[in-house]
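Scroll down for the structure; my scribbles are underneath it.
The values are calculated or read from the model by the stated rules, or taken from the named source; none is laboratory data. Because the structure is predicted, anything quoted here is derived from the model rather than measured. Note that we place each Cβ from the backbone using ideal geometry, even for glycine, and neighbour counts take in every protein chain shown. Each accessible area value is taken on the protein alone, full model and side chains, heavy atoms only, with ligands, DNA and RNA left out. Shrake-Rupley method; radii C 1.70, N 1.55, O 1.52, S 1.80 Å.
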Amino acid sequence: MSEKQGGNLSAEEQQFWNAVDTFIDAANKAVEDGDPGVIRSAAMYAAARYCAFNIASMSESRKDFLEDSEDSVRHLTSEFQKLLEENMADYGENYKVYLKADD
(Lines give C-alpha, C1' and ligand atoms only; values in the text may rest on other atoms or scores of the structure.)
Protein backbone atom coordinates (compact mmCIF):
# COMPACT_ATOMS: atom_id res chain seq x y z
CA MET A 1 0.00 0.00 0.00
CA SER A 2 1.06 3.56 -0.61
CA GLU A 3 2.85 5.43 2.15
CA LYS A 4 0.11 8.07 2.28
CA GLN A 5 -2.45 5.51 3.41
CA GLY A 6 -3.47 5.37 6.99
CA GLY A 7 -6.03 3.69 9.18
CA ASN A 8 -8.61 6.49 9.10
CA LEU A 9 -9.40 6.72 5.39
CA SER A 10 -12.87 7.20 4.00
CA ALA A 11 -14.17 4.59 1.58
CA GLU A 12 -13.47 6.98 -1.31
CA GLU A 13 -9.91 7.64 -0.12
CA GLN A 14 -9.28 3.91 0.28
CA GLN A 15 -10.64 3.32 -3.24
CA PHE A 16 -8.28 6.03 -4.52
CA TRP A 17 -5.18 4.52 -2.90
CA ASN A 18 -6.14 0.99 -3.94
CA ALA A 19 -6.43 2.20 -7.55
CA VAL A 20 -3.08 4.02 -7.31
CA ASP A 21 -1.43 0.84 -6.04
CA THR A 22 -3.07 -1.24 -8.79
CA PHE A 23 -1.79 1.10 -11.53
CA ILE A 24 1.71 1.25 -10.06
CA ASP A 25 1.81 -2.53 -9.65
CA ALA A 26 0.78 -2.96 -13.31
CA ALA A 27 3.51 -0.54 -14.45
CA ASN A 28 6.13 -2.27 -12.29
CA LYS A 29 5.14 -5.66 -13.70
CA ALA A 30 5.24 -4.33 -17.28
CA VAL A 31 8.72 -2.86 -16.78
CA GLU A 32 10.06 -6.31 -15.82
CA ASP A 33 9.84 -7.24 -19.52
CA GLY A 34 10.11 -3.82 -21.09
CA ASP A 35 11.90 -0.54 -21.36
CA PRO A 36 11.12 1.81 -18.44
CA GLY A 37 10.81 4.79 -20.81
CA VAL A 38 8.28 2.94 -22.96
CA ILE A 39 6.27 1.93 -19.88
CA ARG A 40 6.34 5.52 -18.58
CA SER A 41 5.07 6.78 -21.95
CA ALA A 42 2.39 4.08 -22.02
CA ALA A 43 1.20 5.03 -18.52
CA MET A 44 0.94 8.69 -19.51
CA TYR A 45 -0.92 7.79 -22.70
CA ALA A 46 -3.30 5.50 -20.79
CA ALA A 47 -4.00 8.25 -18.24
CA ALA A 48 -4.65 10.80 -20.99
CA ARG A 49 -6.86 8.38 -22.91
CA TYR A 50 -8.88 7.50 -19.83
CA CYS A 51 -9.30 11.15 -18.82
CA ALA A 52 -10.57 12.05 -22.31
CA PHE A 53 -13.01 9.12 -22.20
CA ASN A 54 -14.16 10.00 -18.69
CA ILE A 55 -14.78 13.66 -19.50
CA ALA A 56 -16.54 12.76 -22.77
CA SER A 57 -18.75 10.20 -21.03
CA MET A 58 -19.79 12.75 -18.41
CA SER A 59 -20.63 15.40 -21.01
CA GLU A 60 -24.26 16.03 -21.94
CA SER A 61 -23.39 16.25 -25.63
CA ARG A 62 -20.52 16.34 -28.09
CA LYS A 63 -20.97 20.10 -28.29
CA ASP A 64 -20.60 20.46 -24.50
CA PHE A 65 -17.56 18.17 -24.56
CA LEU A 66 -15.87 20.24 -27.26
CA GLU A 67 -16.71 23.51 -25.52
CA ASP A 68 -15.26 22.25 -22.22
CA SER A 69 -12.20 20.52 -23.70
CA GLU A 70 -9.78 23.44 -23.42
CA ASP A 71 -10.68 24.06 -19.76
CA SER A 72 -10.46 20.34 -19.03
CA VAL A 73 -7.01 20.08 -20.60
CA ARG A 74 -5.83 23.15 -18.69
CA HIS A 75 -7.16 21.76 -15.39
CA LEU A 76 -5.71 18.26 -15.88
CA THR A 77 -2.36 19.64 -17.02
CA SER A 78 -2.15 21.86 -13.96
CA GLU A 79 -3.10 19.00 -11.63
CA PHE A 80 -0.57 16.64 -13.24
CA GLN A 81 2.17 19.24 -12.89
CA LYS A 82 1.39 19.68 -9.18
CA LEU A 83 1.36 15.92 -8.59
CA LEU A 84 4.59 15.42 -10.51
CA GLU A 85 6.33 18.24 -8.63
CA GLU A 86 5.19 16.79 -5.27
CA ASN A 87 6.41 13.32 -6.19
CA MET A 88 9.73 14.57 -7.59
CA ALA A 89 10.32 16.48 -4.34
CA ASP A 90 9.40 13.38 -2.34
CA TYR A 91 11.89 11.26 -4.27
CA GLY A 92 14.51 13.99 -3.89
CA GLU A 93 14.05 13.94 -0.13
CA ASN A 94 13.79 10.15 0.17
CA TYR A 95 16.08 8.96 -2.61
CA LYS A 96 18.21 6.85 -0.28
CA VAL A 97 15.11 5.23 1.23
CA TYR A 98 13.28 4.55 -2.05
CA LEU A 99 16.20 3.65 -4.31
CA LYS A 100 19.79 3.53 -3.05
CA ALA A 101 22.43 5.44 -1.21
CA ASP A 102 24.39 8.04 -3.16
CA ASP A 103 27.69 6.79 -4.49
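Surface exposure of the chain, expressed per residue as accessible area with a 1.4 Å probe, stands at 86 Å². Accessible area per residue (1.4 Å probe, heavy atoms of protein chains only) ranks Met44, Met88 as Met88, Met44, with the largest value leading. Here the range 56-103 is assigned +1 on the Cβ of each Lys and Arg and -1 on the Cβ of each Asp and Glu. Its dipole about the Cα centre then comes out at about 160 debye.
In this view, the solvent-accessible surface of Lys100, computed with a 1.4 Å probe and all protein chains in place, comes to about 110 Å². Using R0 = 41 Å, the C-beta based FRET efficiency linking Lys100 and Ser61 works out to 0.20.
When the residues Ile55, Ile24 are ordered by accessible surface, computed with a 1.4 Å probe over the protein chains alone, the sequence from largest down reads Ile24, Ile55.
Among the protein heavy atoms of the chain, carbon and sulfur supply 57% of the accessible surface, probe 1.4 Å, non-protein parts ignored.
The alpha carbon radius of gyration of the range 13-73, expressed as a multiple of 2.2 N^0.38 Å, is 1.42. Considering helices alone, the calculated mean residue ellipticity of the chain at 222 nm is -28500 deg cm²/dmol, with DSSP H runs of length four and up weighted by -39500 (n - 2.57) and normalised per residue. If you line up the long axis of helix 36-58 against the longest principal axis of the chain, both from Cα atoms, how many degrees apart are they, to the nearest 10? Rounded to the nearest ten degrees, it is 30.
Selection among Ala46, Thr22, His75 by position relative to the dipole of the chain gives Ala46 as farthest towards the positive end (Cβ unit charges, Cα centre). Computed from the Cα positions only, the extents of the chain along the three principal axes stand at 55, 37, 25 Å, in decreasing order.
Gain on full extension, evaluated as 0.36 nm per residue between Glu85 and Tyr45 minus their Cα-Cα distance, stands at 12.5 nm.
Counting only Cβ charges, +1 for Lys and Arg and -1 for Asp and Glu, the dipole size of the chain around its Cα centre is about 200 debye.
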